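To start, the structure itself, in structure tokens.
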Amino acid sequence: MSEPTVLSALEAGVLRLTLNRPAKLNACTRAMLAELRSALEAAADDKRCRVVVLTGAGRAFCAGQDLFDVDVPGQVPDAAELLASAYNPIVELIGSMPKPVLAAVNGIAAGAGANIALACDLIYAGRSASFLQAFARIGLIPDAGGTWQLPRLVGAARARGLCLFAEPLPAEKAEAWGLIWKMVEDDKLAAEVEAAAQRLASAATYALGLTKRALAASSTNTLAAQLDLERALQERAGASPDGREGIAAFLEKRAPRFSGESA
Ligand code: T3D
């Protein structure tokens, strides 16, 4: 049997998903996208999983769509179908995942690979990593949410430059521009992400999921609508076991023991 193109390991609340085609810089085949999608779907419903970490095997995070993975040699794939059936659901699953999703960008993240990383809640990158909106190089437009994420993360001017010039943005500059949460030295990346994942795996998972929802809604809501949404979500967080535990622990001057359970 061939090796899975997505490695999956769940330990102490942390699900690690590793894109696993290192010789091809983890370029996405349809098989890999299907494995990633089903792993994310399972993670969303799995109470044992409280954090997801997505990374790549070898020297790259992901080089985007595997440009050799075509049904008919010499023909371009049906991009609309590929996006609708594979990339878009993955980006939406990451966004709607009721728990944090961390990207550990261990090398280049190109094309849709960059934009899958940008869909994650917290993006850590090694110093040698870079982010490349490669699409213009091959006559395509940025997809997998790139045109939505980039202006919001780095502003319109930088988004245009990244997309139109299609040059790699080094991790250090990505951090300075606010594209990612943190750049760390390459040899510290795994440990840094592990520590963050463990910390989040013992946090109030339900409230973190609701926080993701509130932040996502803010880009289209009015202030009044957002205040309403915060009120509704806070009611649910406050009534949840972790909401009660958090306040009890504060009053009792002890560390909280969060279960991650929903209301
Ligand atoms: O119609 C649609 O497809 C719609 C969907 C679009 C979504 C997309 O993601 S489009 C964008 C696709 N990605 C790219 O255009 C990036 C292509 N890759 C590169 O430009 C370069 O590989 C990198 C800049 C990422 C890294 O360069 P370098 O010099 O470090 O590595 P390399 O030598 O180019 O690549 C190493 C191997 O990985 C090589 O294989 P080989 O020759 O050793 O057998 C190369 O062919 C393979 N590889 C890298 N990227 C891809 C790939 N193979 C297939 N597809 C790739 N995207």
Within the range 134-149, is there a residue that is among the small types (Gly, Ala, Ser), out of contact with any Ser or Thr (no Cβ under 8 Å at 6 or more places or on another chain), farther than 26 Å from PRO89 by Cα and open to solvent by less than 40 Å² (accessible area, probe 1.4 Å)? no
Sort out which residues of the range 6-30 are of a type outside the set (D, E, K, R) and over 20 Å from ALA44 (Cα atoms), and write them in order of number. ASN20, PRO22, ALA23, LEU25, ASN26, ALA27, CYS28, THR29
Can you name the strands (runs of 3 or more DSSP E) wholly within the range 90-149 that have at least 1 residues being within 11 Å of the ligand (Cβ to nearest atom)? 108-110, 130-132
Take ALA86 and decide whether it is within 11 Å of the ligand (Cβ to nearest atom), small (Gly, Ala, Ser), closer than 28 Å to LYS47 by Cβ and surrounded by 14 or more Cβ atoms within 10 Å (Cβ to Cβ). yes
For ALA157, are the conditions met, namely being more than 11 Å from the ligand (Cβ to nearest atom), assigned to a helix (DSSP H, G or I), open to solvent by 70 Å² or more (accessible area, probe 1.4 Å) and without any contact (Cβ under 8 Å) to a residue 12 or more places away in the chain? yes
Within the range 212-221, work out how many residues are open to solvent by 70 Å² or more (accessible area, probe 1.4 Å) and touching a residue at least 12 places away in the same chain (Cβ under 8 Å). 1
Can you name the number of the only condition in (1) exposed (fewer than 14 other Cβ atoms within 10 Å of the Cβ); (2) touching a residue at least 60 places away in the same chain (Cβ under 8 Å) that SER202 fails? (1)
Every pair of residues 6+ apart whose Cβ atoms lie under 6 Å, when the first sits in the range 18-29 and is open to solvent by less than 40 Å² (accessible area, probe 1.4 Å) while the second is of a type in the set (Asp, Glu): ALA27/ASP66; CYS28/ASP66; THR29/ASP66; THR29/ASP69
Within the range 222-263, the residues that are open to solvent by 60 Å² or more (accessible area, probe 1.4 Å), assigned to a loop (DSSP other than H, G, I, E, B) and of a type in the set (A, V, I, L, M, F, W, C) are ALA255, ALA263
So which residues in the range 67-77 are over 25 Å from the mean Cα position of the chain (by Cα) and more than 6 Å from the ligand (Cβ to nearest atom), if there are any at all? VAL70, ASP71, VAL72, PRO73, GLY74, GLN75
By residue number, the members of the range 25-66 that are within 16 Å of the ligand (Cβ to nearest atom) and over 21 Å from GLU3 (Cβ atoms) are none
So, in the range 43-59, exactly how many residues are crowded, with 24+ Cβ neighbours inside 10 Å and among the aliphatic types (A, V, I, L, M)? 4
If you take the residues in the range 40-71 that are among the aliphatic types (A, V, I, L, M) and part of a helix (DSSP H, G or I), which one is farthest from GLU261 (Cα to Cα)? LEU40
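The values are calculated or read from the model by the stated rules, or taken from the named source; none is laboratory data. Just so you know, these numbers come straight off a predicted model, no measurement behind them. Don't worry about glycine lacking a Cβ; one is built from the backbone with ideal geometry, like all the others, and counts go over all protein chains shown. With ligands, DNA and RNA removed, areas are computed over all heavy atoms of the protein, side chains included. Shrake-Rupley method; radii C 1.70, N 1.55, O 1.52, S 1.80 Å.
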